[in-house]
Amino acid sequence: MAENNKKPAGPEVVETTDHRVSCDGGGGALGHPKVYMEMAQDDSVQCKYCDRVFVLKK
Ligand SMILES: [Zn+2]
């Protein structure tokens, strides 16, 4: 990874208890059409629209 003085804030992490999650970007200016995502074998999934990361709460 290239070094950069401007460190971007990491993606927002959302804890969930379900392998199947939905995301609409939180609505407002940052919103996007609601999408559903499956974690499948993983315990996290990232929204391709808003880069939020959904992490399975154990
Ligand atoms: Zn999203």
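Worth a mention:
- Under Karplus coefficients 6.51, -1.76 and 1.60, residue-wise ³J(HN,Hα) of the range 9-22 in Hz, glycine/proline x: 5, x, x, 5, 10, 10, 7, 9, 10, 10, 5, 9, 10, 10
- Cross-link reach is defined here as a Cα-Cα straight distance under 18 Å, omitting same-chain residues fewer than 8 places apart; for residue 58 the aspartates and glutamates meeting it are 15, 18, 38, 42, 43.
- Environment charge of residue 58, counting only residues whose C-beta is closer than 14 Å and scoring Lys/Arg +1, Asp/Glu -1: -3
- Value of relative contact order over the range 13-56, rounded to a whole percent, pairs C-alpha under 8 Å and six or more apart: 45 percent
- Dipole orientation for the chain: of the candidates 10, 37, 47, 10 has the Cα lying most toward the positive pole (charges on Cβ; Lys, Arg +1; Asp, Glu -1).
Throughout, read-outs are computed from the coordinates displayed, never taken from laboratory work. Predicted, not measured: the structure shown is a model, and the values here were computed from it. Using ideal geometry, Cβ is built from the backbone for each residue, glycine included, and neighbour counts are taken over all protein chains shown.
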